[in-house]
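*Asks:* Pasting a structure below so you can have a look.
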Amino acid sequence: MEFNIALLKGDGIGPEIVDSAVAVLNKIGGKYSHKFNFSEYLMGGCAYDKTGNPLPQETVDGCLASDSVLLGAVGGPKWDTLPGHLRPEKALLGIRAALGLYTNLRPAKLYPALKEACPLREEVAAKGFDLLMIRELTGGIYFGERGRRDGKNGLEAYDTECYSEMEVERIARVAFNSARLRNKNVISIDKANVLESSRLWREVVHRVAAEYPDVACTDMLVDNAAMQLIKNPQQFDVVVTSNMFGDILSDESSQITGSIGMLASASLGDGKRGLYEPIHGSAPDIAGKGIANPIATVLSAAMMLRFSFGLEKEADDMENAVNRVLNDGFRTADIVGTSRVTPLSTAQMTEKILENL
């Protein structure tokens, strides 16, 4: 089979980790007789530097013409003083909207080999966890009305949280359908004791839950959820929540795995095309040093094979290769933990994964 993949390498360590994922995809392609065609496009700070726009139309068109998209990371201190509409992060919101991607899937799993790197108490880490965070991606406060105005205390700024029944219903269905493939347990995160938008969220989730009698559904307030992720993460199976709450909680869930450098993500819409990216940032402080962890990007590419291309066996092969490398004791600098192993470079870790395919 043949697939066309748009590459958005982005800023900082983005080019390094995307190159690692491309190498692994090429190895998988050769092993299973698939051909992956890659086309590079600019997005983020690098795009602003060259075109004055963090998301050029050429990039949008290229992504729309592809079968799927693999992204590295965008942003960095160099562009922090730009106005909001020119910030690299604005490109992320723009490309998600352009591709119609309203669902963000962020699995967070504590690999047995990395338990020592987990910041939780030993007895909590020993139980392990494997959860799927499902974040609504194109609604809520990030896309609501915003601005500045004169208030009773002078200049004030505002951002508006707004959700429609349709937006909540479609993300809820993703959650319940996903739970049916896992442990049939959904926890919906909101702030219904304070926010009207959360009250509507809860009402709609309950309405959808009635159609899935085989799946347990529980409500949890976001502040409690933040605490429970640290106290008892193994209670979570599928978590569904709003854009802002998901942004925060998914980063928390990633950190308790031992390193944010291990976590992949998929942004999906109604079709097969998706946007796949590691959840960590551009890490400009280590860019060019060859020490970035490529695993999250490799696992993101595996999610692409599974969700966009339907290549389950190939995706399993990539994920199992990563697992074998970790079980063999190989680490990059961010996941060394208390072990005394010499950390591998980005290129060396990539080579170990390739050897295990």
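The values are calculated or read from the model by the stated rules, or taken from the named source; none is laboratory data. Keep in mind it's a predicted model, so treat the numbers as computed, not measured. Note that each Cβ is placed from the backbone with ideal geometry, even for glycine, and that neighbours are counted across all protein chains shown.
*Asks:* Looking at (1) assigned to a loop (DSSP other than H, G, I, E, B); (2) surrounded by fewer than 24 Cβ atoms within 10 Å (Cβ to Cβ), which one does Pro15 not meet, given that it meets all the others?
*Replies:* Looking at each condition in turn, Pro15 falls short on (1).
*Asks:* Related question: Could you please find all residues in the stretch 20-39 being exposed (fewer than 15 other Cβ atoms within 10 Å of the Cβ) and outside any helix (DSSP H, G or I)?
*Replies:* Selection gives Ser33, Lys35, Asn37, Ser39.
*Asks:* Another question about this same structure. So is Thr218 more than 30 Å from Gly290 (Cα to Cα) and within 22 Å of the chain's Cα centre (by Cα) or not?
*Replies:* No: the conditions fail for Thr218.
*Asks:* Report yes if some residue within the stretch 162-169 is of a type in the set (S, T, N, Q) and under 17 Å from Leu268 (Cβ atoms); otherwise report no.
*Replies:* no
*Asks:* Which helices (runs of 4 or more DSSP H) does the stretch 149-257 wholly contain that include 2 or more residues that are at pLDDT 95 or above, surrounded by 14 or more Cβ atoms within 10 Å (Cβ to Cβ) and of a type in the set (Ser, Thr, Tyr)?
*Replies:* Per the criteria, 196-209.
*Asks:* Taking Leu99 and the conditions (1) closer than 29 Å to Gly52 by Cα; (2) hydrophobic (A, V, I, L, M, F, W, C); (3) more than 20 Å from the chain's Cα centre (by Cα), which numbered condition does it fall short on, given that it satisfies the others?
*Replies:* (3)
*Asks:* Could you please find all residues in the stretch 178-200 being within 20 Å of Asp247 (Cβ to Cβ) and under 22 Å from the mean Cα position of the chain (by Cα)?
*Replies:* Within the stretch 178-200, Ser178, Val186, Ile187, Ser188, Ile189, Asp190 qualify.
*Asks:* Here's something else I'd like to know. Here is a list: Ala6, Ala73. Which entry is in contact with a Leu (Cβ under 9 Å, 6 or more places away or on another chain), of a type outside the set (D, E, K, R) and buried (at least 19 other Cβ atoms within 10 Å of the Cβ)?
*Replies:* Ala6
*Asks:* Can we say Pro107 is at negative phi, part of a strand (DSSP E or B) and touching a residue at least 24 places away in the same chain (Cβ under 8 Å)?
*Replies:* The answer is yes for Pro107.
*Asks:* Turning to a different aspect of this structure: Give the residue that is modelled with the lowest pLDDT, with candidates limited to residues of the stretch 319-348 that are closer than 20 Å to Ser265 by Cα and of a type in the set (A, V, I, L, M, F, W, C).
*Replies:* Ile335
*Asks:* I need the full set of residues from the stretch 258-301 which are in a helix (DSSP H, G or I) and not β-branched (Val, Ile, Thr), in order please.
*Replies:* Gly261, Met262, Ala296, Leu299, Ser300, Ala301
*Asks:* I've got another one for you. Please work out if Asp334 is buried (at least 19 other Cβ atoms within 10 Å of the Cβ), of a type in the set (D, E, K, R) and not in a loop (DSSP other than H, G, I, E, B).
*Replies:* It is true that Asp334 is buried (at least 19 other Cβ atoms within 10 Å of the Cβ), of a type in the set (D, E, K, R) and not in a loop (DSSP other than H, G, I, E, B).
*Asks:* If I ask for residues that are out of contact with any Pro (no Cβ under 8 Å at 6 or more places or on another chain), of a type in the set (Gly, Ala, Ser) and in a loop (DSSP other than H, G, I, E, B), which ones from the stretch 61-77 would you list?
*Replies:* Of everything in the stretch 61-77, those that are out of contact with any Pro (no Cβ under 8 Å at 6 or more places or on another chain), of a type in the set (Gly, Ala, Ser) and in a loop (DSSP other than H, G, I, E, B) turn out to be Ala65, Ser66.
*Asks:* Let me ask something else. Given the condition in contact (Cβ under 8 Å) with a residue 12 or more places away in the chain, over 18 Å from Glu277 (Cα atoms) and of a type outside the set (A, V, I, L, M, F, W, C), answer yes or no: does some residue in the stretch 65-77 qualify?
*Replies:* yes
*Asks:* Got a number for residues in the stretch 46-60 being over 24 Å from Ala347 (Cβ atoms), assigned to a helix (DSSP H, G or I) and in contact (Cβ under 8 Å) with a residue 24 or more places away in the chain?
*Replies:* 4
*Asks:* I'm checking my understanding of the structure. Among residues of the stretch 125-141 that are out of contact with any Cys (no Cβ under 6 Å at 6 or more places or on another chain), at pLDDT below 90 and of a type outside the set (Ser, Thr, Tyr), which one is nearest to Asp270 (Cα to Cα)?
*Replies:* Of everything passing the filter in the stretch 125-141, Gly128 is nearest to Asp270 (Cα to Cα).
*Asks:* Sticking with this structure for a sec: Can you pull out every residue in the stretch 74-98 that is closer than 20 Å to Thr297 by Cα and among the hydrophobic types (A, V, I, L, M, F, W, C)?
*Replies:* Answer for the stretch 74-98, where residues must be closer than 20 Å to Thr297 by Cα and among the hydrophobic types (A, V, I, L, M, F, W, C): Val74, Ala91, Leu92, Leu93, Ile95.
*Asks:* Continuing with the same structure: Can you tell me which residue among Arg146, Arg96, Arg135 is of a type in the set (Lys, Arg), under 30 Å from Glu58 (Cα atoms), surrounded by fewer than 15 Cβ atoms within 10 Å (Cβ to Cβ) and out of contact with any His (no Cβ under 8 Å at 6 or more places or on another chain)?
*Replies:* Testing whether each residue is of a type in the set (Lys, Arg), under 30 Å from Glu58 (Cα atoms), surrounded by fewer than 15 Cβ atoms within 10 Å (Cβ to Cβ) and out of contact with any His (no Cβ under 8 Å at 6 or more places or on another chain) leaves just Arg146.
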